[in-house]
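Values quoted throughout were computed directly from the atomic coordinates according to the rules given, and no laboratory measurement underlies them. Everything numeric here is computed off the predicted structure, so don't read it as measured data. Virtual Cβ from ideal backbone geometry, glycine too; neighbours counted across all protein chains shown.
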Amino acid sequence: MIFTQNDTIYNKANLVNFTARNSLLRKADDVSRRVIHEFPVLSNSRLLGYETISESNPYLSYARNLVCEYRKYYKEGVSPKKIYYRELYGMKELKTGNCAELADATFVALKLNGVEDVKRLNLYAYNTKTKSMRDLDHTVIGVNFKLPKKYKYHQWIISENYVEPECRIYPQNNSIIVDSWSGFTEYAKQAGERFKSDKALIESNKKGIYRNLETLLDKDEELCYLPLEDFEKFKKRDYDYFGQTYPDIVLDKNKAKVSQKDVTQKRAYRVSKPHPLLKDELKHRFGLKGAITDDELQAKKQEYIDSVKEKYGLNKAGGTSGGFDILGKLSKLAERIFN
């Protein structure tokens, strides 16, 4: 199966058209469009709508699992700042990601283009009758939300169903929502209307255009946001790296602000690649046409182990160091990667 950018399982490039007078809204919309075209990702969240099909279609099961595995690679074993480097690399080269990765890319692109008040926001539904909250499992970008100076960030825990009022934030009149996953940039009030249970949205959702029906608001619920704390503050050199590596996300008038001195080769920006046998293993698991055989897979695993042994000089003295069985640990690690 070949996926194209026009498929509904990819992020949307057909953003809402409008003739806004507000320059910031137009700017945010332009940046979001650039992000969408720069990173046409396959989203396993969008594949949720294809559950019944994927039960009989191993290609869709493979695609969903591939996205999940790559998302682990984006975040595991790296510093908070390097998560951004991996995410943008992964979305560009591996073409996989969900709303959170696209929100991070949009965050970087907006800051790179000089937008100051930018926050990553998680969406929640607050029930005014039961006083409980429901996680809508969606991340967007908020512009002009203006947090209180002493705002205390709250990390949502899955078992929770309530967050103190001072942690919940609501948009102001000039607040903007940039949702590159769904494909729109609007004032927050208009954006909130998209999450209400109207017939048009439900019908669109059935076609796989939006997220699961359960994410829509019930009649007693109101939309609220919990901002995510920034991983780390980016420096000018970091934005130069993003601008040089992904020049198409930079607006024309801002291109001159990106340094001409190449920073992309600096050690700080080196991005390790995902495991080379990941795709082979997943294809093998789902029995796809053209997948390698058991013997071929085992041979590739052994080849990988041998290459690591050679790289780190582990072929000597039985591969032990101070009584520590390096080769044994390496073999177990390889099995954990693939099983």
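Brief remarks on what is shown
- Derived scalar couplings between HN and Hα for region 22-36 equal 5, 5, 5, 5, 5, 5, 4, 5, 4, 5, 4, 4, 5, 4, 4 Hz in order, rounded to whole Hz, by the Karplus curve 6.51 cos²θ - 1.76 cosθ + 1.60 (θ = phi - 60°), x for Gly and Pro.
- Cα-based shape type of region 94-200, given that a ≥ b ≥ c are square roots of the gyration tensor eigenvalues and the cut on a/c is 1.5: rounded
- Amide H contacts of L228: R120, L121, N122, each under 5 Å away and 5 or more positions distant or on a separate chain (H built 1.01 Å from N in the peptide plane; Pro and chain starts excluded).
- For L136, distant residues with modelled amide H under 5 Å away: L123, Y124, A125
- Ranked list, fewest to most other Cβ atoms within 10 Å of each Cβ, for S180, S61: S61, S180
- When the pairs K149/K273; K233/K309; K111/K149; K95/K309 are compared against a 29 Å limit on Cα-Cα distance, K149/K273; K233/K309; K95/K309 fall above it.
- Here the 3J(HN,Hα) profile of region 162-171, calculated from phi with Karplus coefficients 6.51, -1.76 and 1.60 at θ = phi - 60°, is 7, 9, 4, x, 5, 8, 7, 10, 10, x Hz, Gly and Pro shown as x.
- Karplus (6.51, -1.76, 1.60) ³J(HN,Hα), θ = phi - 60°, over region 66-82, in Hz, Gly and Pro reported as x: 5, 4, 4, 5, 5, 5, 4, 4, 4, 10, 8, x, 10, 5, x, 5, 6
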